[in-house]
1. Two-decimal Rg/Rh of the range 142-252 from alpha-carbon positions, Kirkwood Rh?
2. Kindly provide the Kirkwood hydrodynamic radius of the range 1-158 in Å, to one decimal, from all pairs of distinct alpha carbon atoms.
3. Can you work out ³J(HN,Hα) from phi for every residue in the range 467-482, in order, using Karplus 6.51 cos²θ - 1.76 cosθ + 1.60 and θ = phi - 60°, giving whole Hz and x for Gly and Pro?
4. Normalised by the empirical 2.2 N^0.38 Å for globular proteins, what value does the Cα Rg of the range 321-474 take?
5. Whole-Hz Karplus ³J(HN,Hα) for the range 20-25, in order, using 6.51 cos²θ - 1.76 cosθ + 1.60 and θ = phi - 60°, x for Gly and Pro?
6. Give me the compactness ratio for the range 285-359, meaning the Cα radius of gyration over 2.2 N^0.38 Å.
7. For the chain, with only Lys/Arg (+1) and Asp/Glu (-1) charged at the beta-carbon, what is the dipole magnitude about the Cα centre, in debye rounded to 20?
8. Three principal axis extents, largest first, for the C-alpha atoms of the chain, in Å?
Amino acid sequence: MKEIHHWIDGKEVKGTSGRFSDVYNPATGEVQARVALASRDELDAAIASAEKAQVEWAATNPQRRARVMMKFGQLINENMDMLAELVSSEHGKTLPDGRGDVQRGLEVIELCMGAPAMLKGEFTDNAGPGIDLYSMRQPLGVVAGITPFNFPAMIPLWKMGPALSAGNAMILKPSERCPSTSIALAKLAQEAGLPDGVLQVVNGDKEAVDGILDHPTIQAVGFVGSTPIAQYIYGRAATNGKRAQCFGGAKNHMLIMPDADLDKAADALVGAGFGAAGERCMAISVAVPVGEKTADALIERLVPRIEKLKVGPYTAGDDVDFGPVITKAAQERINRLIASGVDAGAELVVDGRDLKIQGYEDGFFCGPSLFDRVTPDMEIYKEEIFGPVLSTVRAQNYDEALKLVMDNEYGNGTAIYTADGDTARDFASRVNVGMVGVNFPIPVPLSYYTFGGWKKSGFGDLNQYGPDAFRFYTKTKTVTERWFSGIKDEGGGLYFKAM
Ligand code: NAD
């Protein structure tokens with residue numbers, strides 16, 4: 001059985017805790033490897049060594065650190081297929097999706113090639129008589145990244161790029177379900193010139209996470225995962241005096257106005273609802289057609305598109321639309337939630353529960369499911385399903401649709417399809433959600449903006465990547481400086497001559 005261990009001080013280091021977790025091939029249902037779960041002692045040793053390595057890394061000038069990012073970006077590009085294959089083999093997403101996962105992470109590394117510009121301080125000349133005032137951004141020291149299973153390349157890169165280019169060392173604790181990509185990325189970072197110890201990949205579960213949260217050396221925690229864990233990590237990190245930015249789950253709505261291009265809206269919903277088996281924090285899981293006519297026409301367009309979707313293993317070729325979900329438990333939970341929707345009276349228009357794929361009968365596959373006439377009191381509306389299930393909630397007018405989004409406890413992403421600029425503008429301005437799409441279903445901002453949800457989708461006050469990330473991973477120091485006049489004016493020439 002293949003074993004996956006840790007990446008400490010620039011090499012693979014065997015776990016010594018004796019605890020392991022299974023890593024599945026979600027397409028076959030087989031255990032393909034086991035990953036070591038770090039003990040507190042192993043974590044402590046990795047942190048101690050990161051603390052030492054960080055001192056010299058922080059003293060390396062920002063341009064040189066940026067050059068490591070340039071080379072790292074080049075190596076990620078050159079190894080795109082290898083990385084995508086690793087992502088897909090443990091996560092189950094299609095290879096084009098796996099490449100997308102790497103690509104969206106790479107874009108943040110590209111941003112970090114310009115980190116020196118983001119790390120500049122401010123300066124006020126003559127803030128008072130003979131007084132200058134300036135600020136500088138300094139790294140925090142050792143920081144941690146704790147990441148989810150659903151983007152095994154992208155989210156670790158979102159964490160490590162800004163943290164490392166700002167001069168910090170990082171303890172990365174990837175998801176134990178998809179651990180291999182982080183190790184592969186750490187190897188490439190080393191090849192790019194990152195000094196050993198600056199990036200430590202510690203595999204583990206709650207024990208390692210709690211160790212990170214309680215360790216006095218760790219200065220900041222960047223987390224992405226489900227809402228209950230995000231809230232837990234935010235609270236415990238803050239109690240221990242650490243900075244924390246913790247991004248959680250989502251329930252993203254798309255409004256479809258009566259004037260929208262319904263074919264384009266249906267295409268967008270199918271991609272955004274079912275792509276990556278719905279295992280995206282920016283997936284659209286709720287369609288909100290406005291008006292009964294819009295709803296009927298939308299459902300009529302969705303059904304044939306959904307029935308055409310091809311579900312299969314990533315190895316079956318690029319025409320597969322999406323793969324399996326991550327675990328048997330996830331598959332069973334999705335099926336249970338679908339049953340609860342039926343019991344609650346929602347109309348199951350397309351039922352994906354009985355999908356069986358020849359040769360992959362034990363794989364964790366869920367076919368695409370479409371619900372109509374879902375209401376906000378139903379469990380399928382309230383829960384983040386994180387599977388290929390699209391719910392339709394019919395709204396009678398724009399205000400009702402907007403209120404639905406506003407009242408939802410999550411606020412990661414949302415979208416509106418309309419031909420009317422005024423409606424779109426009103427929606428973008430008023431909605432209490434962090435990322436908004438106008439005739440654009442998955443509005444993940446580019447790397448020079450920032451990514452972050454509102455309400456229960458994000459805890460903390462700075463977003464991921466973009467300028468916010470450099471603020472999160474640095475502390476501002478402000479210096480008030482005065483030089484007394486005298487020497488140069490009063491015989492200073494003689495004084496300097498005497499020297
Ligand atoms: P998860 O919360 O189960 O796990 C995330 C990380 O937390 C993992 O590294 C895991 O080891 C650790 N963890 C799990 N349980 C823990 C516990 N009890 N104590 C301490 N640490 C624990 O999330 P997941 O299932 O890996 O990922 C899916 C979730 O992530 C979804 O809810 C999705 O919406 C969310 N997500 C959010 C964003 C975002 O930016 N908002 C992006 C991607 C995924």
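1. Working: Rg = 13.1 Å, Rh = 13.9 Å.
Using only Cα positions, Rg/Rh for the range 142-252 is 0.95.
2. Value: 18.7 Å, from the Cα pair sum.
3. x, 4, 5, 6, 6, 5, 8, 9, 10, 8, 10, 10, 10, 9, 10, 10
4. Expressed relative to 2.2 N^0.38 Å, the Cα Rg reads 1.21.
5. 3J(HN,Hα) across the range 20-25, in whole Hz: 9, 10, 6, 10, 8, 9.
6. On the way: Rg = 14.8 Å, N = 75, 2.2 N^0.38 = 11.3 Å.
Dividing the Cα radius of gyration by 2.2 N^0.38 Å gives 1.30.
7. Details: 51 positive and 64 negative charges, 299 e Å.
Magnitude of the dipole: close to 1440 debye.
8. 93, 59, 41
Quick note: the coordinates plus some simple rules give every number you see, no bench work behind them. A quick note: this is a predicted structure, and the numbers were derived from the prediction, not measured. Because the Cβ atoms are built from the backbone with ideal geometry, glycine has one as well, and the counts that use them run over all protein chains shown.
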